[in-house]
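In what follows, a structure is listed as structure tokens, so that the remarks can point back to it.
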Amino acid sequence: MILEALTPIFAIILLGFLISRTPISSQEVWQGLERLTYYLFFPALLVSRLSQTNFEVNELLEIGYVLGFALFVFTILFIGPRKFIARNQGSLSSVYQGSIRFNTYIGLACVEALYGDNGLTLAALCLVVYIPLVNVLSVISISASGGGNRWVVVTGSVLTNPLVLACLIGMGLSFYNMEVPDLGWEIIEVLSRPALPLGLLAVGAGIHFVAFGDQTWQLVVALFCKLLAFPALVVVAKLLFKKAPS
């Protein structure tokens, strides 16, 4: 069941990888598609889904409790063995960010394939909480490695993040029952359709195989944290905050 649902997603990623290696494509084309998807198609998808669902502010707060608690505990646990993870602060920051960041296109595509529109809507609500939290923690890790002057830049990127803005717009339309002309809905719906396919193709096109060398250990740690440790903490947090939507 799960394999059957996820196979098309990874097939599209593989297709993007193969197409990007043919003479008919170029780096400029893929960069343009990725920009269009990030700034137009994907936000349209989030606005479309969130504006058509009913939710309460308490639901968003409860999601915030779960994700915030999981991120806080993970960060504390990550700091403990930091000397065994990386030799310098810069590498440690990279491993940390690699552990808590995820590819939005793949994540939402998998959620939609497994749980349908309801799952996609809940995932979008998680995005509006998770993206700011992760960016703030990333700023802290960058500052610790000597990049404190990036605070303003990263804070600005959070406030102008098209995915966060799209989530806020969609939630605002739903919460205040705002009327949108039928033509507007049709345009948003049409723009939302290519979001996931193009996003997955772009992910495949961006895959590059390199030799890791001395970074193999850091890669293993990041993968363990991203795929096992952090998800386990989210489950624990969910059990602690039982009112959070499932």
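Values in this text are rule-based calculations from the coordinates and carry no lab data. Because the structure is predicted, anything quoted here is derived from the model rather than measured. Cβ coordinates were reconstructed from backbone atoms using ideal geometry, including for glycine residues, and neighbour counts include every protein chain displayed.
The figures follow:
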| quantity | calculated |
| --- | --- |
| Nearest-0.05 FRET efficiency for Val180 and Asn103, computed from C-beta distance (R0 25 Å) | 0.25 |
| Where GluC sites (Glu not before Pro) in DSSP loops with at most 16 other Cβ within 10 Å are excluded, longest remaining stretch of the chain | 57-178 |
| Under 16 Å from the Ile187 label point (7 Å along Cα→beta-carbon), backbone N, segment 47-69 | 47-48 |
| Within segment 7-24, backbone nitrogen closer than 18 Å to the virtual label 7 Å beyond the Cα of Ile207 toward Cβ | 7-23 |
| Kirkwood hydrodynamic radius over Cα pairs of segment 7-47, then Stokes diffusion coefficient at 10 °C and 1.306 mPa s, in µm²/s | 139 µm²/s |
| Residue among Ile76, Ile24, Ile106 farthest towards the positive dipole end of the chain, charges placed on Cβ | Ile76 |
| Rounded to the nearest 20 debye, dipole of the chain from Cβ charges on Lys, Arg, Asp, Glu | 1040 debye |
| Cα-only radius of gyration and Dmax that characterise segment 92-141, units Å | 12.5, 37 |
| Solvent-free Debye scattering, log10 I(q)/I(0), computed from the Cα coordinates of segment 29-168 at q = 0.11, 0.13 Å⁻¹ | -0.48, -0.66 |
| Overall dimensions of the chain as given by Cα atoms, namely Rg and Dmax in Å | 19.0, 58 |
| Ellipsoid equivalent to segment 1-87 - semi-axes via the Cα gyration tensor, in Å | 33, 26, 16 |
| Positive dipole terminus of the chain, leading residue within Asn135, Phe224, Ala205 (C-beta point charges) | Phe224 |
| Low-density loop cleavage sites - chymotrypsin sites (Phe, Trp or Tyr not before Pro) in segment 94-136, where at most 16 other Cβ are within 10 Å (DSSP) | Phe102 |
